[in-house]
Amino acid sequence: MRRVKFWRLSILLALAGMLIATLASSGTVSVAQVPPKIAHGIGLAKGCDPTVNVGDPYSCFYLISNTPLLDTALDTLTLNGLSDVVHTASGDVNSPGVPPDCTGCTGQHQGGEILDDLTIDSYTGPAQCFSDAAQTVPVLAGSSGSVVCVLQTNSSVRFLPFTFYNVQQADLGLPGQHLDDDMAVTWVDLCTSGASNCPVGPNFGTTGSSSTINTPTPTPTPTNTPTNTPTATNTPTNTPTATATPTNTPTNTATPTNTPVPPTNTPTPTNTPTSTPTSTPTVVAHKGCTPGFWKQDQHFDSWKVFSPNETLTAAGFVLPTGFPNDTLLTALNYQGGSTIQQADQILLRAAVSSLLNSTALSGQFTLTTQQVLDQTNTALASNNRDTVLALASQLDAFNNTGGCPLS
């Protein structure tokens, strides 16, 4: 019944749109005189190992993108600074170095500048980092030393995993044994489009990620096995003179007991995008709520049309072969990882949040429910990790746009 109502609403909206277009062409109304909204923003994504052990490095990759869905003006953007901070049980641990300058920004960096420390994994589209401010010496993939990255529309740069903190025993006391962090960037819109609402000066953006700390396996305590000591026995002989025949008394020799040594878990670094990609649009009229908002039980009363225990396919998603048909609430808690299926998890986490935004925010969200489903299903069907992650970054940007109006 819900689907029927939805399609009826879609048909009515389509007919209304056709009527307005007809009236506009006849001069009855001046809809065409309303300029389209132009948004400016940058896509940020960070992914850390989904699980770590005490003593492991907390390792995360970074992905910065410029897509037409985030910056509809198709401007060229520059990345001018990047920092990070890990929220440990003992307090915040900042990335090393001096915090990047972001004078006049709405936020400020807490961690030190690490852009020049990051090694470039790959470029997509017309993106290029440089080792000098004059942008004359390009930094190739597999190299580090960037001081600025230039991203034309439809491009991105991905950095290899980087670490500056090792997981401590005390971190097991964190809520849910989740180790969280926040990266931050300074970026500039070059306003190559000439749009009238381009943001002036440097801009500040941030996003986060997390890892779950494994509970250590107790080490078994070895048990000492006692060794029986035989008792000496005197054996008499029939001779005129009683002669004691000595019997050798064995010496108690301790039997060595092997003490098991627990194996050392050596994690294999994994490019794990669990992070929730986030964008910081500067001029956007829409609003959105994040997966972190929707998955909290005190916010279940804000769910409209859909329910936490409803499955992904029941909600309208077309899943790849072999992908589990989890509930929407389970999808909001997906961590992601390095495989294509784990990339699908990252996309579905953002897509479920977008789906809920499209129904609960009464037209304030950027996309309609059907647009969320269509774009997500198309990306999932591509079976292409870059395509999947690009849409995940875009949807997360929309989910983080303009603040969440719900409480």
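Residues 46, 5, 37: which one is among the basic types (Lys, Arg), surrounded by fewer than 16 Cβ atoms within 10 Å (Cβ to Cβ) and modelled with pLDDT of 50 or more? Criteria check complete, one pass: 37.
Scanning region 121-155 for residues that are in contact with a Lys or Arg (Cβ under 9 Å, 6 or more places away or on another chain) and within 27 Å of residue 73 (Cα to Cα) gives 122, 123, 124. Selection of region 155-193 for residues being part of a loop (DSSP other than H, G, I, E, B) and over 26 Å from residue 71 (Cα atoms) yields 163, 164, 165, 167, 168, 174.
Right, residue 364: outside the structural domain of residue 46 (by TED's automatic domain parsing), modelled with pLDDT under 90 and either surrounded by fewer than 18 Cβ atoms within 10 Å (Cβ to Cβ) or touching a Leu at 6+ places or on another chain (Cβ under 6 Å) (or both) or not? The answer is yes for residue 364. Every condition in (1) more than 20 Å from residue 43 (Cβ to Cβ); (2) at pLDDT below 90 is met by residue 404 except one, and the failing one is (1). When residue 327 is tested against (1) under 17 Å from residue 47 (Cβ atoms); (2) in contact with a Pro (Cβ under 9 Å, 6 or more places away or on another chain); (3) of a type outside the set (Lys, Arg), exactly one condition is not met: (1).
A quick yes/no check of all residues on (1) loosely packed, with under 11 Cβ neighbours inside 10 Å; (2) among the β-branched types (Val, Ile, Thr); (3) at pLDDT below 65:
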residue: 178; (1), (2), (3): no, no, no
residue: 183; (1), (2), (3): no, no, no
residue: 198; (1), (2), (3): no, no, no
residue: 206; (1), (2), (3): no, yes, no
residue: 209; (1), (2), (3): no, no, no
residue: 213; (1), (2), (3): no, yes, no
residue: 217; (1), (2), (3): yes, yes, no
residue: 224; (1), (2), (3): yes, no, yes
residue: 236; (1), (2), (3): yes, no, yes
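Where helices (runs of 4 or more DSSP H) fall entirely within region 293-374, those with at least 1 residues that are among the basic types (Lys, Arg) are at 340-360.
Annotation: of all residues in region 265-308 being in contact with a strand residue (DSSP E or B) (Cβ under 8 Å, 6 or more places away or on another chain) and of a type outside the set (Val, Ile, Thr), the one that is modelled with the lowest pLDDT is 279.
The values are calculated or read from the model by the stated rules, or taken from the named source; none is laboratory data. This is a predicted model, so every value here is computed, not measured. A quick note on method: Cβ atoms are made from the backbone with ideal geometry, for glycine too, and the neighbour counts reach across all protein chains shown.
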